[in-house]
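The values are calculated or read from the model by the stated rules, or taken from the named source; none is laboratory data. In this text, all values refer to a predicted model and were calculated from it rather than measured experimentally. Ideal geometry is used to build each Cβ from the backbone, glycine not excepted, and the neighbour counts take in all protein chains shown.
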Amino acid sequence: MSLESLGKLKIDKTVFQRSTRSKKRWVIIAAALLLVVVAATWGIKRRGVAIETATVSQIYPTQTFTLLNASGYVVAQRKAAVASKMTGRLEWIGVQEGSRVISGQIIARLENRDSDTVVNQGIAALQNAKANVDQAKAELDDARQIYERLTDLIGQGIISRADFDTAESRYKRGKASVAAAEAAVRVTESSLQGARVSYDYSLIRAPFDAVVLTKNADVGDIITPLGSAANAKAAVVTIADLASLQVEADVSESNLEKVKAGQPCEITLDALPHSRFRGVLQTIVPTADRTKASVMVKVRFLEIDHRILPEMSAKIAILSRPATAQDQQAKTVVNPAALIRANGRDAVYLLDNGHVRVTPVTVGPRFGDFTEVSGVKAGDKVALRPLDKLKDGRKISVAEK
């Protein structure tokens with residue numbers, strides 16, 4: 001090759017430059033992708049695994065065999081507004097709200113001095129009438145003795161007929177006097193009884209064993225049977241027999257075929273949310289409320305509890321079978337899908353400050369769609385899914401629903 005030909009040889013730098021630029025571009029792209037992957041991985045680790053959660057709940061086994069729920073109020077079936085049959089001024093009252101009274105107990109008294117005076121007059125009149133009876137009997141006894149003696153003498157012809165007739169008339173008058181005196185005693189006794197009844201009207205008594213709900217009058221108030229006079233009161237106190245408390249609830253007409261008298265029930269009160277009371281459906285009131293399209297039912301408490309008061313709001317659950325003591329104990333339950341096996345034991349992933357912690361639990365029986373567990377408490381949050389992406393201490397985030 002000649003020197004002239006060698007001189008014509010040269011390297012094409014443009015091709016090399018294009019190749020270098022292409023490699024740089026791919027390097028940049030690869031680096032960017034790597035950065036994206038790293039950033040995504042770091043973001044996932046920072047944000048944590050997105051999971052769905054379930055809440056540990058507390059249920060009662062009776063909820064699993066409840067046929068129907070209804071709400072109503074506690075109502076005393078024996079309730080009375082106690083008043084007097086006479087008009088008078090209230091002089092004394094011996095009870096207050098919450099006082100327990102027994103049948104016949106005097107709980108208040110009206111002014112009764114006039115009635116007391118009439119009673120005392122009747123007692124004196126009765127004593128006088130009884131004394132008259134004694135006097136009449138004494139006179140009768142004397143007349144009888146004379147009559148008997150003269151009867152013997154008239155037969156012997158010793159006395160005149162006129163003397164005998166006088167003795168006989170006196171004897172008959174004596175018997176009539178005794179009868180009249182005894183009748184006067186009965187009349188006086190009746191009058192005294194009437195006076196005592198009038199006096200007793202001033203004593204206001206409890207008609208049955210009960211508890212005082214309200215005190216409607218105070219000492220000095222005028223009490224009248226009708227309460228029509230100005231500023232007069234008809235009732236002194238309102239009482240209720242707490243042994244007669246029942247829950248009155250409305251059942252929709254469409255659900256009426258599900259209920260019948262004698263069905264077991266469970267009663268809960270808003271005032272006592274942690275207590276459950278056994279009951280039985282006592283009565284289905286044989287009339288419907290057209291405005292609410294419902295029928296009233298009455299549920300009787302099987303156990304008396306002093307905490308239950310009239311007019312408390314209540315809920316009833318009509319059950320398919322009677323509830324046992326165990327059925328009325330609260331159970332801690334969880335969705336069975338949240339259970340896992342860890343170290344040979346049942347466990348759950350318990351949420352703890354943005355992480356999950358493997359928490360061993362003891363599994364109990366199923367209650368409907370839930371499983372009883374111990375080792376966690378009601379209100380705890382546990383992971384539900386995806387469980388296969390979790391491990392103890394893993395950072396998580398709760399998926400938006």
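Side notes on the structure shown:
- Taking the criterion of being out of contact with any helix residue (DSSP H, G or I) (no Cβ under 8 Å at 6 or more places or on another chain) and not charged (D, E, K, R), the residues of the range 388-398 that qualify are 390, 393, 396, 398.
- Residues within the range 388-401 that are touching a Gly at 6+ places or on another chain (Cβ under 9 Å) and either in a loop (DSSP other than H, G, I, E, B) or buried (at least 18 other Cβ atoms within 10 Å of the Cβ) (or both), tallied: 2
- Flag if residue 291 is surrounded by fewer than 15 Cβ atoms within 10 Å (Cβ to Cβ) and not in a strand (DSSP E or B): yes
- Qualifying positions in the range 319-373 - closer than 30 Å to residue 282 by Cβ and not in a strand (DSSP E or B): 320, 321, 322, 323, 324, 325, 326, 327, 328, 329, 330, 368
- Selection of the range 173-200 for residues being surrounded by 13 or more Cβ atoms within 10 Å (Cβ to Cβ) and either in contact with a strand residue (DSSP E or B) (Cβ under 6 Å, 6 or more places away or on another chain) or among the basic types (Lys, Arg) (or both) yields 173, 175, 196.
- Flag if residue 248 is at pLDDT 95 or above, acidic (Asp, Glu), outside any loop (DSSP other than H, G, I, E, B) and outside the structural domain of residue 104 (by TED's automatic domain parsing): yes
- Here 273, 310 are screened, and the one residue that is in a loop (DSSP other than H, G, I, E, B) and modelled with pLDDT under 95 is 310.
- Residue in the range 201-211 that is over 29 Å from the mean Cα position of the chain (by Cα) and in a helix (DSSP H, G or I) present: yes
- Once the range 341-387 is narrowed to residues that are in contact with a helix residue (DSSP H, G or I) (Cβ under 6 Å, 6 or more places away or on another chain) and touching a residue at least 40 places away in the same chain (Cβ under 8 Å), the residue that is surrounded by the fewest Cβ atoms within 10 Å (Cβ to Cβ) is 368.
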